[in-house]
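Shown next, in structure tokens, is the structure this report addresses.
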Amino acid sequence: MEAVKWLERLESGEISSITRRDLNVELTSVQIEQRIRKYGDFTRLNNQINTENSETTHHRMLKDVKEWEEYHRQYREARKTWSIIPYEVIIKRIKELSPRLQVGDFGCGKAKIVEAIGENRVNSFDHVAINDKVTAGDMKLVPLPDEALDVAVFSLSLMGKNWRDYIKEAKRCLATNGYLLIAETIKSMKGRLSKLRDIIKEQGFEIYEDEERGDFTFIEAREL
């Protein structure tokens, strides 16, 4: 049944087939300038994604995957100035848990978690697939059966007006007592994600850890 649903969504255009990207290609200064003129700087890119529904973002990036590539190029550059890298903190936490647990990386980007943990344990999702270890699609509805995961991760990926749908989808995919691991900027937590803790609790999670490190907030919750 899950496979049938997945094919129906693929045919309707709600998700995409895998598109592999190479983010390590070196762009010339002229190419970089052209992309910034077309797509905007990191702030503009984030603002656009955060003020539209994920379905809109997904279809736009399917038509022009260079926008996704440019977002992650600028994200990589911005990361160089950070004292704390959120996905590294989350990887460390996952490694502290049982090696039998299945992980879902929602909005995986360059799929760093699957690199560190292994593809036999990690299901990775994003609008565009960087390689064959990633499933391309809209994170509000992923091709997993109910209770298929033990850990759901959102590392700077609660983007879009409908970010609440991602939490609901994580709830559906998590088994009882499953872990919800979230990293977001403190700025976002005080702004557009100010209701995040309430939504987490409304979906039946209990927050066990909630702390600020550097410019980021890390939340760990358990599915009841």
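FYI, it's all coordinate maths here, none of it is from the lab. Keep in mind the model is a prediction, meaning the values are calculated, not measured. As a convention, Cβ positions derive from the backbone with ideal geometry for all residues, glycine included, and neighbour counts pool all protein chains shown.
At a glance:
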| item | result |
| --- | --- |
| Those trypsin sites (Lys or Arg not before Pro) in the stretch 74-113 that DSSP places in a loop and that have at most 10 other beta carbons within 10 Å | Lys80, Arg100 |
| Paramagnetic reach from Asn120 in the stretch 74-104 [backbone N under 15 Å; point 7 Å along Cα→Cβ] | 99-103 |
| The chain: translational diffusion in µm²/s, Stokes-Einstein, Kirkwood Rh over Cα pairs, 4 °C, 1.567 mPa s | 73 |
| Compactness index (Cα Rg / 2.2 N^0.38 Å), the stretch 68-171 | 1.04 |
| Gain on full stretching of the segment that runs from Ile207 to Leu97 - 0.36 nm per residue minus C-alpha separation | 37.9 nm |
| Estimated 222 nm signal from helices in the chain, with DSSP H stretches of n ≥ 4 weighted -39500 (n - 2.57), rounded to 500 | -12500 deg cm²/dmol |
| Net length gained if the chain between Thr43 and Lys195 were fully extended (0.36 nm per residue, minus Cα distance) | 52.5 nm |
